[in-house]
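The values are calculated or read from the model by the stated rules, or taken from the named source; none is laboratory data. The shown structure was predicted, so the numbers you read here are calculated from the model rather than taken from an experiment. Cβ atoms come from the backbone with ideal geometry, glycine included; neighbour counts cover every protein chain shown. SASA here: full protein model, heavy atoms, side chains in, ligands and nucleic acids out. Shrake-Rupley method; radii C 1.70, N 1.55, O 1.52, S 1.80 Å.
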Amino acid sequence: MPHSVELNLDGLVGATHHYAGLSFGNEASTRHNQQVANPRLAARQGLEKMKTLADAGFAQGILPPQERPHIGYLRQLGFSGTDAQILSQVATRYPQLLSAVSSASAMWVANAATVSPSADSADGKVHFTPANLHNKFHRAIEADTTSAILRAVFHDKRYFQHHAMLPQSALFGDEGAANHNRLGDYQGPGVQMFVYGTRGFDTATGPVRYPARQTLEASEAVARLHQLEPARCLLVQQHPQVIDQGVFHNDVIAVSNERVLFYHQRAFVDNQAVRDDLQRSLAQLGQEFMPIEVPERRVSVADAVGTYLFNSQLLSRRDGKMTIVVPQEVPEHPAVWEYLRELVAEGRAIDDIKVFDLRESMRNGGGPACLRLRVILSAQEYQHMNQCCLLTDDRVVQLNRWIDRHYRDRLCQADLADPMLLNEVRTGLDELTQLLALGSIYPFQHQ
């Protein structure tokens, strides 16, 4: 690998994947509450996307699930006894709490962290800040294990700098890469665009119906931690009205890659200012900016939320063009599919579409972009990360066999109280950490 590359690290769906409607503001999550899930199928669907993209020549890696149910948090809340006794107590009296500490939401690793490439950081290192995900309890409990996982994957201190999550406070609500875009060539400095939903010190600037999960103050803090040049950082407000229509993260209404920003007409408070600032900033780096604004008359906000058109992946190919990765819901919507096909036919930057069936993830409100964390790495940095977390043909075979051994094909909320499920999860994760050479990253491995 002679040049820098964008590595897509996908989260493997966890064995407790179920539908509990935990994410207020995420309309797909709420709509599918209490449906029966299929964790085995969910994991296979995600792995199939990874394999297809790796086979197409894109750099692809994998991040493991987290331990669920999270017994440690239940003990922290005052429950005691054996693990089985605690599960029984919580299932009987607080079933929604059991769902929360059993959520497989860590599979959406776009929320795992914000990542800055070494070309953008003053110290020349790749910087990682795990998201505190303060807005939702079932997600806020992920941060410690996320940090341990990222440190195990990017362990060489000569190249990688890891930060602690921001304080667990509404003032510093941080949702990671789902509200962060990096524009510019992979080979040199770029422009980082942080998208916030509200100002923590002035919540009147935010939405009314649904919460704004990312604050301006959090974005500013991450930029400081990553030693970014202020002139190449943009702080942009997501339109509060689209948050109130179910656009809970920026990556539900916009996606970027290199010089391209693909976004909806109502994505930001001031689209024109965003375009002007990006054009000016990229021009100073000698790079051309290519905005693709989708008009509301062609794709409504409701249709964007329903199909996850913008929760797509834009991937650079070696021929200089881009492939867009979308969920099956896009071609099933005639108007949205017609628009996308017309865009691709123009062949300006995006000239290829790949469609994936990710229904198990989509029903909980996460599409292709939610499932991956983007990390731009130089050739040397790529070589010094944990190579066992990169996807190969052999690794795919191993993971499929692992899924078959450790995942159920049916799971509902009542199943979460089964002590055997917890044992299945722990046995599987212990095996997976060896397969991916991650060491002891889970609480149960230290008991």
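Go through the stretch 68-89 and give me each residue that's in a helix (DSSP H, G or I) and crowded, with 24+ Cβ neighbours inside 10 Å.
Within the stretch 68-89, just Leu87 meets the criteria.
Please find, within the stretch 232-247, the residue that is surrounded by the most Cβ atoms within 10 Å (Cβ to Cβ) out of those that are in contact with a strand residue (DSSP E or B) (Cβ under 9 Å, 6 or more places away or on another chain) and not in a helix (DSSP H, G or I).
Val247
In the stretch 6-44, what count of residues is obtained for those that are at pLDDT 95 or above and over 25 Å from Leu87 (Cβ atoms)?
Matching residues across the stretch 6-44 total 6.
Among the residues in the stretch 331-341, are any within 25 Å of Arg182 (Cα to Cα) and in a loop (DSSP other than H, G, I, E, B)?
No, there is no match, as no residue in the stretch 331-341 is within 25 Å of Arg182 (Cα to Cα) and in a loop (DSSP other than H, G, I, E, B).
Find all pairs meeting these conditions: Cβ atoms under 6 angstrom apart; at least six residues apart or on different chains; first residue within the stretch 214-230 and under 21 Å from Leu282 (Cα atoms); second residue of a type in the set (S, T, N, Q) and surrounded by fewer than 24 Cβ atoms within 10 Å (Cβ to Cβ).
Partner pairs satisfying both residue conditions: His226/Ser121; Gln227/Ser121.
Considering only residues that are of a type in the set (D, E, K, R) and open to solvent by less than 60 Å² (accessible area, probe 1.4 Å), look in the stretch 184-231 and name the one that is farthest from Ile253 (Cα to Cα).
Restricting to residues being of a type in the set (D, E, K, R) and open to solvent by less than 60 Å² (accessible area, probe 1.4 Å), the top hit is Glu217.
Would you pick out the residues in the stretch 46-58 that are surrounded by fewer than 20 Cβ atoms within 10 Å (Cβ to Cβ) and either within 17 Å of Glu360 (Cα to Cα) or touching a Phe, Trp or Tyr at 6+ places or on another chain (Cβ under 9 Å) (or both)?
Glu48, Thr52 - these are the residues of the stretch 46-58 that are surrounded by fewer than 20 Cβ atoms within 10 Å (Cβ to Cβ) and either within 17 Å of Glu360 (Cα to Cα) or touching a Phe, Trp or Tyr at 6+ places or on another chain (Cβ under 9 Å) (or both).
Mind checking whether some residue in the stretch 260-269 is without any contact (Cβ under 8 Å) to a residue 12 or more places away in the chain and polar (S, T, N, Q)?
The answer is no, given that none of the residues of the stretch 260-269 is without any contact (Cβ under 8 Å) to a residue 12 or more places away in the chain and polar (S, T, N, Q).
For (1) at pLDDT below 95; (2) in contact with a helix residue (DSSP H, G or I) (Cβ under 6 Å, 6 or more places away or on another chain), each residue gets a yes or a no:
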position: Ala218; (1), (2): no, yes
position: Leu225; (1), (2): no, no
position: Ala231; (1), (2): yes, no
position: Ile243; (1), (2): yes, no
position: Gly246; (1), (2): yes, yes
position: His249; (1), (2): yes, yes
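Would you check which residues across the stretch 271-297 are among the acidic types (Asp, Glu) and under 25 Å from the mean Cα position of the chain (by Cα) and list them?
Residue satisfying the conditions is Glu293 alone.
Would you check which residues across the stretch 320-330 are crowded, with 20+ Cβ neighbours inside 10 Å and part of a loop (DSSP other than H, G, I, E, B) and list them?
Correct list: Glu329, Val330.
Working only within the stretch 101-112, note down all residues that are more than 17 Å from the chain's Cα centre (by Cα) and either open to solvent by 10 Å² or more (accessible area, probe 1.4 Å) or without any contact (Cβ under 8 Å) to a residue 60 or more places away in the chain (or both).
If the condition is that a residue be more than 17 Å from the chain's Cα centre (by Cα) and either open to solvent by 10 Å² or more (accessible area, probe 1.4 Å) or without any contact (Cβ under 8 Å) to a residue 60 or more places away in the chain (or both), then Val101 is the only one that fits.
Which of (1) of a type outside the set (Lys, Arg); (2) under 18 Å from Glu258 (Cβ atoms); (3) not in a helix (DSSP H, G or I) does Val344 not meet, given it meets every other one?
(3)
Would you point out which residue out of Ala148, Ala170 is surrounded by fewer than 23 Cβ atoms within 10 Å (Cβ to Cβ), under 20 Å from Tyr196 (Cα atoms) and of a type in the set (Gly, Ala, Ser)?
Ala170
Only one of (1) hydrophobic (A, V, I, L, M, F, W, C); (2) under 25 Å from Leu234 (Cα atoms); (3) surrounded by fewer than 20 Cβ atoms within 10 Å (Cβ to Cβ) fails for Phe160. Which number is that?
Every condition holds for Phe160 apart from (3).
Across the stretch 129-144, what is the total count of residues that are of a type in the set (S, T, N, Q) and open to solvent by less than 10 Å² (accessible area, probe 1.4 Å)?
Selection size over the stretch 129-144: 2.
Check Tyr407 against each of (1) out of contact with any helix residue (DSSP H, G or I) (no Cβ under 6 Å at 6 or more places or on another chain); (2) crowded, with 19+ Cβ neighbours inside 10 Å; (3) over 30 Å from Ser121 (Cα atoms); (4) modelled with pLDDT of 95 or more and name the one condition it does not meet.
So the condition that Tyr407 fails would be (1).
Can you go through Val126, Val115 and tell me which one is on the phi < 0 side of the Ramachandran plot, open to solvent by less than 30 Å² (accessible area, probe 1.4 Å) and under 15 Å from the mean Cα position of the chain (by Cα)?
None of the other options fit; the residue is Val115.
Here is a yes/no grid of residues against (1) closer than 30 Å to Ala304 by Cα; (2) open to solvent by 30 Å² or more (accessible area, probe 1.4 Å); (3) modelled with pLDDT under 95; (4) out of contact with any helix residue (DSSP H, G or I) (no Cβ under 9 Å at 6 or more places or on another chain):
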residue: Ser361; (1), (2), (3), (4): yes, no, yes, no
residue: Gly366; (1), (2), (3), (4): yes, no, yes, no
residue: Leu377; (1), (2), (3), (4): no, no, no, no
residue: Glu381; (1), (2), (3), (4): no, no, no, no
residue: Asn386; (1), (2), (3), (4): no, no, no, no
residue: Leu391; (1), (2), (3), (4): no, no, no, no
residue: Gln398; (1), (2), (3), (4): no, yes, no, no
residue: Gln413; (1), (2), (3), (4): yes, yes, yes, no
residue: Leu421; (1), (2), (3), (4): no, no, no, no
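Scan the stretch 277-319 residue by residue and report those that are open to solvent by 60 Å² or more (accessible area, probe 1.4 Å), outside any loop (DSSP other than H, G, I, E, B) and either in contact with a Cys (Cβ under 7 Å, 6 or more places away or on another chain) or more than 21 Å from Gly367 (Cα to Cα) (or both).
Gln279, Arg280, Ala283, Gln284
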